[in-house]
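Student: What follows is a structure written as structure tokens; I'll ask about it next.
The values are calculated or read from the model by the stated rules, or taken from the named source; none is laboratory data. Just so it is clear, the model here is predicted, and its values are computed rather than measured. Cβ coordinates were reconstructed from backbone atoms using ideal geometry, including for glycine residues, and neighbour counts include every protein chain displayed. With ligands, DNA and RNA removed, areas are computed over all heavy atoms of the protein, side chains included. Shrake-Rupley method; radii C 1.70, N 1.55, O 1.52, S 1.80 Å.
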Amino acid sequence: MSGKPCLREWDAFASGTLLGFLAGAGKPSNAGVVFCNTLPSFNFKAEVMATAVMNMTTAALDWVSIAFDAPLARAVVFGVHIDGHLVVEVLLIAVILFQLTRKSYKPPKKPLTEKEIDDLCEEWIPEPLHPPITEEMKLEPPTLESAAGPHTVIDGKEVVNFASANYLGLIGDDKIIDSCVASLEKYGVGSCGPRGFYGTIDVHLDCETRIAKFMGTPDSILYSYGISTIFSVIPAFCKKGDIIVADEGVHWGVQNGLYLSRSTVVYFKHNDMTSLESTLEKLTRGNKQAEKIRRYIVVEALYQNSGQITPLNEIVRLKEKYRFRVILEESHSFGVLGNTGRGLAEHYGVPIEKIDIITASMGNALATDGGFCTGTARVVDHQRLSSSGYVFSASLPPYLASAAIAAVDHLEDDPSLLTTLRSNISLLREGLSDLPGLTIASHPLSPIVFLKLKKPTGSFKNDLELLNKITERALKEDSVFIVSTKRSVLDKCRLPVGIRVFVSAGHTASDIKKVSDSLQRVAALVLAEHI
């Protein structure tokens, strides 16, 4: 007998055996069995086995369909008739999905040998800790070889320094140096402990009292590091679920504080009060939930990234209208704005108690280091247990606290420093008024004279390259030290880049003429093709 008839007989045998097995509750049946006497052995071809399996599967599906069709013959769900075939198909899909989602990897039952472990370790390539460093990322800033006063030394050459925020010109002041020497002789250099763990020294308390008295607030608190002040204060008061409305131009320290707070952060357009009011309106209008949570407005008094001054009178009006609290960062306005240098509130004539929280670095106008937060006694006391920068950092070295006290005393005793500073700012702005390819974007009272391109290239990278060429040539050819905007990959500020010229009360008219002439000449050469 040929192979073809034998195939049909095998199909019948397989189907009959399966049906008999199913009908007999697991016992094989002889129904439909046809023996093939011509088969010399059981070495069947692949097509024979495949056909047999298909017939067996079809027979099983038919049987299951018959089994399900009887009870579901009249079942209708949402207008769809449910029969046995549909149930079987659903079950098959479920089985397929289950098989696809199963883990294909099974760990070995026996442990790896030492050699296998060594081989795996040699083959393993860890993920890099940081992205690849490009040529643009490699920055080698000039190294100062003397104090960062109005004049400093770089690479053995004296230069005019317009790159340091020494606004009152107090770096190198004799009274401040004497106070530091006396403090070093009495207390040594460091405190060797946080404020809450034997790191509090009487000079810290004296400094906090002096700043609070100068600012006209009930109390203040010192921090060891200037930039850590703001990004410790914000998370101390703002928590997950709170709402923060912040200016899009705030510097990285503020941005980091916003991130650490885990609050809902909404940005408004830079120094645009119409945008701020629109944002506050959207957040509060018809939102009863917003009335039950804490809400803050976070702004800088004088923006580091633009040199603009925030309109505090409008901020306070909107704060009271929409019932928000205000956190004001005054690192570049403290000791600069106002008739006596008390900051933005004095400049606008706003009562200091209308501002909920004020922070500032002491590394700019006071020519020392560290920072402070000032406000009500409750605001200050809360930070002594809840602010990470205060609780976990070693306290401010005593001689720096002494220097801060001496600097505040100096400012209070000699307000002419502010007059000189403003005169220098006005003189510089006049000298840079018709700068080729660059325009002044900062406020007339800002000691940060911010220069940006009149015609940006449209690329952050290309703009920065042009500005860097100007600053590098000014230093190399004219011994004028100025800096362009520097932002790390962590900085999310998207304001235009520019050149920042930091004016000091310690600069002379000849210093200002020198930087003006240098920028006029170098900008014309570098931007000749761009203008």
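Student: So which trypsin sites (Lys or Arg not before Pro) in the stretch 170-272 end up in coil per DSSP with only 15 or fewer other C-beta atoms within 10 Å?
Tutor: Sparse-neighbourhood loop trypsin sites (Lys or Arg not before Pro): LYS239, LYS240, ARG262, LYS269.
Student: By the scheme Lys and Arg +1, Asp and Glu -1, what is the net charge of all other residues having a beta-carbon under 11 Å from that of SER263?
Tutor: Once all neighbours under 11 Å are counted, the net charge is +4.
Student: Rank these residues by their accessible area, most exposed first, probe 1.4 Å: GLU300, GLU291.
Tutor: GLU291, GLU300
Student: At a 1.4 Å probe radius, carbon and sulfur cover how many percent of the accessible area of the stretch 377-485?
Tutor: Answer for the stretch 377-485 is 53 percent, counting heavy atoms of protein chains only.
Student: Taking amide hydrogens as modeled 1.01 Å from N in the peptide plane, which residues meet the under 5 Å criterion relative to GLY506, leaving out close sequence neighbours?
Tutor: For GLY506, whose amide H was placed from the backbone, the distant partners under 5 Å are GLY169.
Student: Just add up the charged neighbours of GLU329: K/R +1, D/E -1, any other residue whose Cβ is under 13 Å from the Cβ of GLU329.
Tutor: -4
Student: Enumerate by residue number the trypsin sites (Lys or Arg not before Pro) in the stretch 419-524 meeting two conditions: DSSP loop (anything except H, G, I, E, B), and at most 11 other Cβ atoms within 10 Å of the site's Cβ.
Tutor: Answer by residue number: there is no such site.
Student: Another question, then. Determine the sum of side-chain charges near GLU300: Lys and Arg each +1, Asp and Glu each -1, restricted to other residues whose C-beta is under 12 angstrom from that of GLU300.
Tutor: Taking every Cβ under 12 Å from that of GLU300, the sum is -4.
Student: While we're on this one: Quick check for you: with a 1.4 Å probe and neighbouring chains kept, what is the accessible area per residue of the stretch 377-531, in Å²?
Tutor: For the stretch 377-531, the solvent-accessible area averages 45 Å² per residue.
Student: So what J values fall out for the stretch 337-347 if you push phi through Karplus, 6.51 cos²θ - 1.76 cosθ + 1.60 with θ = phi - 60°, rounded to Hz, Gly and Pro as x?
Tutor: Result, ordered by residue: 8, x, 4, 10, x, 7, x, 5, 4, 5, 4 Hz.
Student: When only the heavy atoms of the protein chains count and the probe is 1.4 Å, how do MET362, MET137 rank by accessible area, highest first?
Tutor: From most exposed to least exposed: MET137, MET362.
Student: Please compare each pair in LYS354/LYS513; LYS454/LYS514; LYS239/LYS455 to a cut-off of 32 Å on the Cα-Cα distance and tell me which ones are over it.
Tutor: From LYS354/LYS513; LYS454/LYS514; LYS239/LYS455, over 32 Å: LYS354/LYS513; LYS239/LYS455.
Student: Something else about it: Stretch ASP381-ALA528 to full length: gain in nm at 0.36 nm per residue minus the Cα-Cα span?
Tutor: Between ASP381 and ALA528, full extension yields 47.2 nm more.
Student: Just need the relative contact order of the stretch 278-428 here, percent rounded to a whole number, with Cα pairs under 8 Å and 6+ apart.
Tutor: Relative CO of the stretch 278-428 lands at 16 percent.
Student: Let me ask another. Among the listed pairs LYS240/LYS269; LYS138/LYS476; LYS461/LYS492, give every one whose C-alpha distance is greater than 21 Å.
Tutor: Pairs exceeding 21 Å: LYS240/LYS269.
Student: If ligands, DNA and RNA are left out, what is the accessible area of VAL316 with a 1.4 Å probe, given in Å² to the nearest 10?
Tutor: Result for VAL316: roughly 10 Å² accessible.
Student: Ranked by accessible surface with a 1.4 Å probe, highest first, in what order do CYS121, CYS180, CYS192, CYS207 come?
Tutor: If we order CYS121, CYS180, CYS192, CYS207 from most to least accessible, we get CYS192, CYS121, CYS180, CYS207.
Student: Excluding ligands, DNA and RNA, what is the solvent-accessible area per residue of the stretch 223-294 at a probe of 1.4 Å, expressed in Å²?
Tutor: So the stretch 223-294 comes to 48 Å² accessible per residue, rounded to a whole number.
Student: Then there's this: Could you list the GluC sites (Glu not before Pro) in the stretch 470-531 that lie in coil according to DSSP, counting only those with at most 13 other Cβ atoms within 10 Å of their Cβ?
Tutor: GLU529
Student: In nm, to one decimal, how far is the modelled label at ILE177 from the one at GLU123, with both set 7 Å along Cα→Cβ?
Tutor: Between ILE177 and GLU123, the label points sit 6.7 nm apart.
Student: Which value, in Å² and to the nearest 10, is the accessible area of VAL265 when all protein chains are kept and the probe is 1.4 Å?
Tutor: 50
Student: Could you pull the accessible area for ILE293 with a 1.4 Å probe, rounded to 10 Å²?
Tutor: Counting only protein heavy atoms, ILE293 exposes about 50 Å² to solvent.
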